[in-house]
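The values are calculated or read from the model by the stated rules, or taken from the named source; none is laboratory data. What you see is a predicted model, and the numbers here were worked out from it, not measured in a lab. Positions of Cβ are backbone-derived with ideal geometry, glycine not excepted, and every protein chain shown enters the neighbour counts.
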Amino acid sequence: MAANNSNFNFKVVEGWGLGTGGRVFGGVTPAVATDSLDRVYIARRKPPAILVYDRDGNYLTEWGGQLLSSPHSVWIDDRDHIYVADADNHTVRRFDTGGRLLQTLGTPGQIGPPGQPFNRPTWAALAPSGDLYVSDGYGQFRIHRFSADGTLLHSWGEEGRGPGQFALPHGLRVDSRGRVLVLDRANKRLQVFDDNGAYLEEWPDLAAPNDLFIDRDENVFIAEGDYRISVFNLDGQLLARWGEHGEAPGQFANGPHGLWLDSRGDLYVAEVPFLDNRLQKFARV
């Protein structure tokens, strides 16, 4: 797989994670992240679990099945704490790498009051400040900001197409400038806010954007559900774009839903919803 910019060239690692028996993920895998040792953590919806692999695609372990209902996203901070937004359980949970529960936000199995956490949250990511931002996207149109101890500091957002409104707030990240980048999937755009939720700008014309990752060079990789990956700089300038709909290795049989780059710059892409086990690794070349 090659992008239209020489700085972003990748090749597919065929058969990654499938092992000698093939098709081992066992269900839809909507999100992926790697820790400081480049171990790969994959969210599996049903049966719910976080699957753990080494960077070569060897299965290591899995955990979380007794707590999770339908893990929608997985995100890892620089302490190797793992944040899982569980859409069906209405929670965001923080784990260590062994699956030990460290923190729970939200009431398991219970929808929060209107405008409050949570109603089918989609993603959670930590800011450089230590605050946690959560997109509360499937059941309502809100972004929530929490302190490190789990205190709700601020929420914003409502249904609509205007600035600061959402059709489906999905993936989000906080950049080095402290800005909150939110993918407004059904409105086909990325909206940029300050840390208190004040609207700054938007990047339009995205194709059902689901997840984003900001690499160490501050390139913004976006997984777009309509079969492509795009790369922008922090000013919203398009740097590269590629993708093709198909089932061959390197193509996207399903919509890219989650993505992550490891310490070597290799790219992992999780696809949903049509085929199980459609997670691909692309080595940087």
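Within segment 91-119, track down each residue that is surrounded by fewer than 18 Cβ atoms within 10 Å (Cβ to Cβ), farther than 12 Å from Leu67 by Cα and hydrophobic (A, V, I, L, M, F, W, C).
Result: Leu102, Ile111.
Any residue at all in segment 181-202 that is assigned to a strand (DSSP E or B), in contact with a Phe, Trp or Tyr (Cβ under 8 Å, 6 or more places away or on another chain), of a type in the set (S, T, N, Q) and under 27 Å from Asp78 (Cβ atoms)?
yes
Considering segment 203-218 alone, what residues qualify as being in a loop (DSSP other than H, G, I, E, B) and either in contact (Cβ under 8 Å) with a residue 60 or more places away in the chain or aliphatic (A, V, I, L, M) (or both)?
Across segment 203-218, the qualifying residues are Leu206, Ala207, Ala208.
May I ask you to list pairs of residues, at least six apart or on different chains, whose Cβ atoms are under 7 Å apart, with the first in segment 266-285 being under 19 Å from Ser230 (Cα atoms) and surrounded by 21 or more Cβ atoms within 10 Å (Cβ to Cβ) and the second being modelled with pLDDT of 95 or more and of a type in the set (Asp, Glu)?
Short answer, once both residue conditions are applied: Lys281/Asp266; Phe282/Asp266.
What number of residues within segment 13-39 satisfy the criterion of being under 20 Å from Thr122 (Cα atoms) and at pLDDT 95 or above?
Within segment 13-39, residues that are under 20 Å from Thr122 (Cα atoms) and at pLDDT 95 or above number 4.
Could you check segment 27-49 and list, in sequence order, the residues that are closer than 14 Å to Trp75 by Cα and touching a Ser or Thr at 6+ places or on another chain (Cβ under 8 Å)?
Pro30, Ala31, Thr34, Asp35, Ser36, Asp38, Arg39, Val40, Tyr41, Ile42, Ala43, Arg44 - these are the residues of segment 27-49 that are closer than 14 Å to Trp75 by Cα and touching a Ser or Thr at 6+ places or on another chain (Cβ under 8 Å).
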